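Here the structure is laid out as structure tokens; the discussion comes afterwards.
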Amino acid sequence: SQTIHQWPATLVQPVGSPLSLECTVEGTSNPNLYWYRQAAGRGLQLLFYSVGIGQISSEVPQNLSASRPQDRQFILSSKKLLLSDSGFYLCAWSRDSPGEQYFGPGTRLTVT
Amino acid sequence: AQSVSQHNHHVILSEAASLELGCNYSYGGTVNLFWYVQYPGQHLQLLLKYFSGDPLVKGIKGFEAEFIKSKFSFNLRKPSVQWSDTAEYFCAVNIVSGNTPLVFGKGTRLSVIA
């Protein structure tokens, strides 16, 4: 069976510091991978998605970037965090064809 | 661009009351439709989905949803809610052609009181 991991679960970082959130999927190959940010009352905002290694689509221009160095690894990064980057970050995966997405447990990021 | 509207931000119901949460989407082509649920402190998980066929789909925990193509709607229903249904519910849509991500609505928070 497939599982998706995210770490860390929680993170507190000062403004201006770098960020690296990691997501890995087990039990499947060549998944589509997604990063979302969830804010109360605003639903899930798609940040990035990837259909293959090195292929990243950015949905919202902002202070974040994503990379996919390996087939089942998806990383969300920032060089300098802003207060507005605080939030709950969710990673998800899906199979090749459009359809159901499976979500990880999320990372709660607080920028102070 | 496609968008998803969920009409209610917060719904409060007593146990045993009936539930209907509205969801409308804006896209004229063929879509897949989903309802996800997030219980307090838990992952987002799939409640039910519609790809094709019978427009009335049944999901886990007694939930069902009806796809009405002419109204671009996919409303979620449950005849009798329980306290354990307290959660946030998200409607989502993606386009059948191509590897497109899900587009989510803003969510509806359901509070069920005893």
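Descriptive notes on the structure:
- Those GluC sites (Glu not before Pro) in segment A:1-77 that DSSP places in a loop and that have at most 16 other beta carbons within 10 Å: A:59
- Proximity of backbone amide H atoms, modeled 1.01 Å from N, is registered between residue B:106 and B:6 at under 5 Å, excluding neighbours fewer than 5 places apart on the same chain.
- Extreme residue, positive dipole direction of segment B:3-113, given options B:14, B:110, B:81 (C-beta unit charges): B:110
- Taking all protein chains into account, the per residue accessible area for chain A stands at 46 Å² (1.4 Å probe).
- Accessible-area value, residue B:18, 1.4 Å probe, nucleic acids and ligands omitted, Å²: 80
- Computed with a 1.4 Å probe on the full set of protein chains, the accessible area for residue B:50 sits at about 20 Å².
- Taking Lys and Arg as +1 and Asp and Glu as -1, the other residues whose beta-carbon sits under 15 Å from that of residue B:35 total +1.
- Low-density loop cleavage sites - trypsin sites (Lys or Arg not before Pro) in segment A:1-84, where at most 13 other Cβ are within 10 Å (DSSP): A:42, A:79, A:80
- One quarter of the surface of the convex hull around the alpha-carbon atoms of chain B equals 6.9 nm², the direction-averaged projected area.
- Relative contact order of chain B, defined on C-alpha pairs under 8 angstrom at six or more residues apart (%): 38
- Assigned charges on the beta-carbon of Lys, Arg, Asp, Glu; segment B:3-113 dipole about Cα centre (debye): 160
- Under 19 Å from the residue B:114 label point (7 Å along Cα→beta-carbon), backbone N, segment B:14-42: B:14-17, B:40
- Computed from the Cα positions only, the extents of the protein assembly as shown along the three principal axes stand at 49, 39, 34 Å, in decreasing order.
- Residue-wise HN-Hα couplings along segment A:78-87, as the Karplus relation 6.51 cos²θ - 1.76 cosθ + 1.60 with θ = phi - 60° gives them from phi, are 8, 7, 9, 6, 10, 4, 5, 7, 4, x Hz; Gly and Pro carry x.
- Surface accessible to a 1.4 Å probe, residue B:7 within the full protein complex, Å²: 110
- Only protein heavy atoms count here, probed at 1.4 Å, and on that basis chains A and B bury about 1700 Å² of accessible area in total.
- FRET E, pair residue A:12, residue B:46, Förster distance 35 Å, beta-carbon r, rounded to 0.05: 0.65
- Along its first, second and third principal axes, ordered by size, segment A:47-112 spans 39, 23, 20 Å in Cα coordinates.
- Expressed as a whole percent, the accessible area of chain B that falls on carbon and sulfur atoms is 54 (1.4 Å probe).
- The relative contact order of chain A comes to 36 percent, based on Cα pairs under 8 Å that sit 6 or more residues apart.
- With all projection directions averaged, the alpha carbon convex hull of chain A covers 6.6 nm².
- Projecting the Cα positions of B:93, A:33, A:58 onto the charge dipole of the protein assembly as shown (unit charges on Cβ atoms of Lys, Arg, Asp and Glu, taken about the Cα centre) puts A:58 furthest along the positive direction.
- For segment A:29-37, the Karplus equation 6.51 cos²θ - 1.76 cosθ + 1.60, evaluated at θ = phi - 60°, returns couplings of 10, 6, x, 7, 10, 9, 10, 10, 10 Hz by residue, with Gly and Pro reported as x.
The values are calculated or read from the model by the stated rules, or taken from the named source; none is laboratory data. A quick note: this is a predicted structure, and the numbers were derived from the prediction, not measured. When we count neighbours, we look across all protein chains shown, and the Cβ atoms used for this are built from the backbone with ideal geometry, even at glycine. We work out accessible area using only protein heavy atoms, side chains counted, and drop any ligands, DNA or RNA first. Shrake-Rupley method; radii C 1.70, N 1.55, O 1.52, S 1.80 Å.
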